[in-house]
Each structure stands twice: as C-alpha cells, then as structure tokens.
Amino acid sequence: MTQDELFKVLVAHCKEYGFIFPSSEIYDGLAAVYDYGQMGVELKNNIKKYWWDAMNRLHENIVGIDAAVFMHPNTWVASGHVAAFNDPLIDNRDSKKRYRADNLIEDYLGKIEEKIEKEVEKGRKRFGESFDEAKFRETNPNVLREKARYDEIHERYKKAEETNNFDEYKQIILDCGIVCSISGTKNWTDVRQFNLMFSTQFGSTGEGADKVYLRPETAQCIFVDYINVQKTGRMKIPFGISQIGKAFRNEVVARQFIFRMREFEQMEMEFFCKPGTEMEWFAYWKEERMKWHKALGFGDDNYRFHDHEKLAHYANAATDIEFRFPFGFKELEGIHSRTDFDLGNHQKLSGRNLQYFDPETGEKYTPYCVETSIGVDRMFLTVLSHAYTQEELENGESRVVLRIPAALAPVKVAVLPLLKNDERLTGMAQEIMKDLRYDFACQYEEKDTIGRRYRRQDAIGTPFCVTVDHDSLEDGCVTLRDRDTMAQERVPVAELRARIDAKVNLTNLLRKL
Ligand code: GAP
C-alpha cells in the first residue's frame, strides 16, 4: 500500500471507529472543519493532559491560563495580524478554484526535486555497487539541467517572497507553465493578499469597535494577560505561561485532513526571560520539546528540526519540529525566540506598563520571550498515523491495530464476558468493570464472538482486554490480553488494577522526561 493509500484508509478508519467525523456531515460537511467523536475526544484529552502536565507540573516556573477566544481588536493590531497575517491568493478563471500562489510554486519545486531523485535512483540501479552518488549528482546531464532549473526558480521565488512582489509570483507561475489541477488551464487571475483572520460582530460597543476577530493563535492571550499572571502569581523571571485553546484561521487551501484546519486547537507556552538569555532558553526548549515527542516511542528517525533561514521580523531564532507524516516530513511544532516584540507592541498600543522589575538587581526591562507552539490536532494525526498498523497474523488472519501509547489510548481496558447469555459471567464482568472504571476508562462489551470483540478493541487501540469465563467463577482469575503482543495470561481479579496501571498510567510517560 502506498503512503497515499494508507492515509486514505486512516481517514476512513477515524470515521468508522468514532475518532473524527466531517463537521455537519448530514449537510455534506464544511470544508476543513472536523468533529471529534466518542473515541477522538478521549484521545485528544489524553494528548492535552500529557502536554499540560509536562509543562505545568514538571516545571515549577510555568503556570497555565484559559483565556477567552474574543479579545479587544487592538490586540491584533499590536500583534501585526491585521496588517500582515496574509496569504497570497490566486484563482483559476476557468475552474473558479482558488489556490495559494506560494503553494503552487513550492509544489512545482517539489516536483523538480522528485525528478532529480528519480534520476539518481535510476543511476543507482544501473551502476549497482559501484554507484558514486555524489559524482553522479555533479555530472549527470539530466540532474544538472533539473538542478539549474530548480535553483533559478527558487531564487526568483525567495526574492518575490522577501519583497512581497505578487506580480513576480504570478510571472513565475506563468513561466513555469503551472496549470490548474481541475481545468488544466493557465487562465490565472492576479495574485492578491488575503487576511486569514475570521471576523464577526460583537454586541453594540460603539462605532468601529464592534468588529472582533476569532483569535488566530492563543499566544496573544498570554501576552495580554502576562502582567496579571506575573503580579498575582508573584512570578519571577524566567517563567512561563501556558495555554490550550481553540484558534481559527480562514486557510485558503485547507487539506490533508486535520493537518490544516479552519478551526483547530493549539497548545502554546510563552517563556519570559531576561534579554540576552533568550538563546540559552531557545536551546533549552528545543531539547525539552524534542524529548517530549521522543518519549512517545514513535522512532527518533521520524523527527527532525528544521531551522528557519528566513526569520519573521519579530524573531531572532526559529525552528520547527517536523514529523514524518504519511505525506512526508511536515511541521508539527514551532519554537520561536520572539524577542520583546509582542510585549513591546502591546505596551505601546495599550499605554500600560508591562515592564518587569527585578527585585534582586533593581533593573527594569521588557522581558524577551521564547515560544513553543503545537497544534493538538496535528499531534493527534501524529499519534494516529504512527499507531495505525495492518498485521498479518500467524494463523493467516489479519488485524488492524492502533498501537497508541497506552497512556494516551482512549479506552484502557475492555471487560468482556465470554458469553452474553450466562448471567454469572456477565454479572462478574460488570462487577469488575464497575470497580475498574474509577481508575481507568473502561468499556464493557458482550456482543459477538470473543475474537471479534478483541478485533474491535484492537481497532480503537485498547491496551488490555479482560475476559471472564467459566473458570473465573471458580478460581477468581480472568484472562488479561495484551493488545500489542496478543499474549493472554491468567490473572487474579485482585491484581488487575496494578497490572493495568503499570502500563497505562500517564506518570510512566512523564517520568521519561
Ligand atoms: N503562536 C505561533 C503560531 O501560531 P504557527 O506556526 O502559525 O505559530 C503553531 O502555528 C502550530 O499550530 C503549528 O506548528 C501547527 O501544529 C498548528 N497549526 C497552525 N495552523 C494550523 C491549522 N490551520 N490547522 C491545524 N493546526 C495548525
């Protein structure tokens, strides 16, 4: 199965097992908006708890907030979003389909790269063991021609990006002969700016002040609340403020399922430090966040840093943690050293003093800030795309299993009476479930054969199944089945809690950090 096909199967699986549904599906859905179903919400909450506890419990100098989605409109003037949170748009006149001009060019560049790689692969096959890749890349005429084409377009594109030259964007698209994937034509409109913020009307607060935005990031709430938290929490620099919450962006091209959505959730932390120390903290948070990802055991090779060459005007260092999604390495989390840009601008526009007074040195300054920012939904996709596995079993059967880290699994234990029409078995199973549910998310299932029930639990990633059979009535033991190994073990009911807890407790994951 290709990665593309696998991704489609994963999307279908998410719907079939109650993880994610298209929003308002009975009305044919709403583009790039999704609902989390009964399984999805549990997994999502577990991901959030892993992040929240790692930030707030394991760092004495980080506290959390939960701010409103609506904010004073000046927030977005100060942050620069009103002026500059834009994407370059282009329409195809024949299909009426809208694209991001930068994406069209980047996809085109990506295709040239693919061609080069294919050429190299051909060489590798042709020359076998004697293949010298570096030499081949330097001398093969096809590779050299494509590389020269790539460099020329790339350079023009980067210049156009730096100078916001939209005429040049369009010219590149025309010169490269890029066509609309629907109409197949080059009948393009001019490129224009499109602000990604959603706006709405807010009460009747007077002229000009009634247009508010749905926040496009949660970070600004933290900057605006910074002084309240610092004073009421008597926080000493360096310290951090974390938040999990919804964000909204009118993405021009929203695709790849929950990778790019119009309504999504972010987990952001702003770490305030003394100017001049920000690079140390930037390095610290890079390492800290990578540790958090790697502790999940998805394979260290599936992560990489992508340091930004071109920095946003407010940043003096920036990197992305990229994950190998089924559609390639893509940004999962951003870590930015944002200087005093945000606090400084809010200070200017609000007229409030947001300076920090250092009681030890007597200094006053506007703190610098290092930000870590990750999308909950993108993290959800990371977990599921790594967890989804199709397996051929030794007995010739196959199974789909979600190998979700046990601490994040939506259901921790399923309790299953072997037969549904024997009240002694169902009664004992229900008793066990009623007891376990105080500690773990449990499911009780009695319908279908035991084999089918195991498959259903595998498909939602339940780490343990507990089966009650006739022997259980005699010896007080049950069968404990492990999702990953499928090993089955007889365990006294009294030992169940400890056995399950040892594997599913979030503490185990947090202790790895
Ligand atoms: N405060 C900084 C900030 O918002 P960003 O790179 O625009 O930076 C941070 O977003 C993270 O939020 C991304 O790394 C990604 O995980 C997530 N994210 C951004 N836009 C998203 C979208 N449209 N859909 C889903 N997740 C998104």
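The values are calculated or read from the model by the stated rules, or taken from the named source; none is laboratory data. On a predicted model such as this, the values are computed, not experimentally measured, just so you know. Cβ coordinates were reconstructed from backbone atoms using ideal geometry, including for glycine residues, and neighbour counts include every protein chain displayed. Ligands, DNA and RNA are stripped out before the accessible areas are found, and what is left, the full protein with its side chains, is counted by its heavy atoms. Shrake-Rupley method; radii C 1.70, N 1.55, O 1.52, S 1.80 Å.
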I'd like to know if the range 250-267 contains one or more residues that are away from the ligand (no atom under 16 Å from the Cβ), of a type outside the set (A, V, I, L, M, F, W, C), at pLDDT 95 or above and not in a strand (DSSP E or B).
no
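Based on what the data block shows, is R378 open to solvent by 20 Å² or more (accessible area, probe 1.4 Å), at negative phi and in a helix (DSSP H, G or I)?
Details: open to solvent by 20 Å² or more (accessible area, probe 1.4 Å): yes; at negative phi: yes; in a helix (DSSP H, G or I): yes.
It is true that R378 is open to solvent by 20 Å² or more (accessible area, probe 1.4 Å), at negative phi and in a helix (DSSP H, G or I).
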Would you confirm whether any residue within the range 437-447 is over 33 Å from the mean Cα position of the chain (by Cα) and open to solvent by 30 Å² or more (accessible area, probe 1.4 Å)?
yes
Hits in the range 212-247 (condition: in a strand (DSSP E or B) and more than 9 Å from the ligand (Cβ to nearest atom)):
V212, Y213, L214, F239, G240, I241, S242, Q243, I244, G245, K246
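Determine whether Y368 is open to solvent by 20 Å² or more (accessible area, probe 1.4 Å), of a type in the set (F, W, Y) and in contact with a helix residue (DSSP H, G or I) (Cβ under 8 Å, 6 or more places away or on another chain).
Numbers: open to solvent by 20 Å² or more (accessible area, probe 1.4 Å): yes; of a type in the set (F, W, Y): yes; in contact with a helix residue (DSSP H, G or I) (Cβ under 8 Å, 6 or more places away or on another chain): yes.
Yes, satisfied.
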Within the range 122-198, helices (runs of 4 or more DSSP H) holding 3 or more residues that are closer than 29 Å to D94 by Cβ:
141-162, 166-175
Keeping to the range 483-492, report how many residues are of a type in the set (A, V, I, L, M) and open to solvent by 50 Å² or more (accessible area, probe 1.4 Å).
2
How do the pairs read when you match residues in the range 219-245 that are open to solvent by 10 Å² or more (accessible area, probe 1.4 Å) with residues anywhere that are in a strand (DSSP E or B) and of a type in the set (A, V, I, L, M), using Cβ under 8 Å and keeping only pairs 6 or more apart or on different chains?
D225/I65; D225/I241; V229/V63; V229/I65; V229/I241; G233/V63; M235/V63; I244/M267
So which of E270, E278, E331 ends up being crowded, with 18+ Cβ neighbours inside 10 Å and near the ligand (Cβ under 10 Å from one of its atoms)?
E270
Considering only the range 73-105, state which residues are open to solvent by 50 Å² or more (accessible area, probe 1.4 Å), part of a loop (DSSP other than H, G, I, E, B) and modelled with pLDDT of 95 or more.
R93, D94
Inspect all residues belonging to the range 338-355 and state whether any of them is in a strand (DSSP E or B), open to solvent by less than 60 Å² (accessible area, probe 1.4 Å) and away from the ligand (no atom under 11 Å from the Cβ).
no
